[in-house]
Amino acid sequence: MQSTEITFDNLGETGTLFTALLRARYHHFIETRGWKLPNTRGLEFDQYDTPESIYCTIHDGLTVYGGLRVTPTTAKNFNASYMLRDAQLGLLPDMPTNLLDEPAPQDPGTWEVSRVFVTDTLSSRDRMRVRSEIGLALARLAKTWNFDSYICLTSVAAGLLMRRTGLTISPAGPRLEVGGETCQAYHLKVDAKNVRSHAA
């Protein structure tokens, strides 16, 4: 099992893995969870899959066990910025506008993390291993790209599991029903030493 960072700069080397990631997202979010998301030929993608986003895939060869996408909160692409801000502005009709307690940040030191998933075919032990790898990936990305915090929307259950990876997590909004799940926006702070100790 390994972790690979994917950007539009390295798609020449990672393009096949990126396709495998989008296929795994399709299985997890559309087939398993029943979310109504843009897709084609078994690949899930949306307006935030742009050169401004960076991806991390936990995988063995082309078998994807988990993944995530991070996007700067300063992103701007045509009429889109990033998911939580666009939802707050009422630009995403399927999402509530009151996800956040405060105006969505537009700060180079804060990035949005989205499309986080762990495949449902793994044992509980291996799922925890993938979550630990996700925590390490978030710490690595923050260091590599020179920022120190994330904002995200996830299920309350996943938020509790994130604490086990060593991330410092605090609520950024109320609990709401989104996509049939009880979800909440969170602030995430990365302490690389703390994340590594939890992964050990």
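Odds and ends about this structure:
- Estimated vicinal HN-Hα couplings, Hz - the range 2-15 in sequence order (Karplus 6.51, -1.76, 1.60; Gly, Pro = x): 9, 10, 10, 8, 10, 10, 5, 6, 10, 4, x, 9, 10, x
- For the range 54-62, 3J(HN,Hα) per residue [Karplus equation, 6.51 cos²θ - 1.76 cosθ + 1.60, θ = phi - 60°, Hz, x = Gly/Pro]: 10, 10, 10, 10, 9, 7, 10, x, 9
- Global form of the range 79-145, assessed from the alpha-carbon gyration tensor, a/c cut-off 1.5: oblate
- Accessible surface of the chain [probe 1.4 Å, protein heavy atoms]: carbon and sulfur percent: 51 percent
- Counting only trypsin sites (Lys or Arg not before Pro) that DSSP places in a loop and that have at most 13 other Cβ atoms within 10 Å, the longest clean stretch of the chain runs over 77-163.
- Exposure ranking of Asp101, Asp148, Asp49 by accessible area [1.4 Å probe, largest first]: Asp101, Asp148, Asp49
- Sequence-distant residues sharing a close amide H with Val178 (under 5 Å, placed H): Cys183
- HN-Hα J in Hz across the range 92-102 - Karplus 6.51, -1.76, 1.60, θ = phi - 60°, x for Gly and Pro: 10, x, 8, 10, x, 8, 9, 6, 10, 6, 10
- Linear extension gain, Thr40 paired with Thr16, 0.36 nm per residue minus alpha-carbon span: 7.0 nm
- Heavy-atom accessible area per residue - the chain, 1.4 Å, Å²: 50 Å²
- Whole-number D in µm²/s for the chain (Stokes-Einstein; Kirkwood sum over Cα pairs; 20 °C, 1.002 mPa s): 126 µm²/s
- With DNA, RNA and ligands ignored, accessible area of Ser3 (1.4 Å probe; Å², nearest 10): 40 Å²
- Relative to one another, the C-alpha centroids of the range 174-190 and the range 1-60 are positioned 22 Å apart.
- Modelled label positions at Leu62 and Met128, each set 7 Å beyond Cα in the direction of Cβ, lie 3.3 nm from each other.
- Listed residues Leu91, Phe78, Thr119: farthest to the positive end of the dipole of the range 74-128 (Cβ charges): Thr119
- Label separation (Thr97 vs Thr7): 3.6 nm, computed from points 7 Å beyond Cα along the C-beta direction.
The values are calculated or read from the model by the stated rules, or taken from the named source; none is laboratory data. On a predicted model such as this, the values are computed, not experimentally measured, just so you know. Cβ coordinates were reconstructed from backbone atoms using ideal geometry, including for glycine residues, and neighbour counts include every protein chain displayed. The protein model used for the area step is the full one, side chains on, heavy atoms only, and it has no ligands, DNA or RNA in it. Shrake-Rupley method; radii C 1.70, N 1.55, O 1.52, S 1.80 Å.
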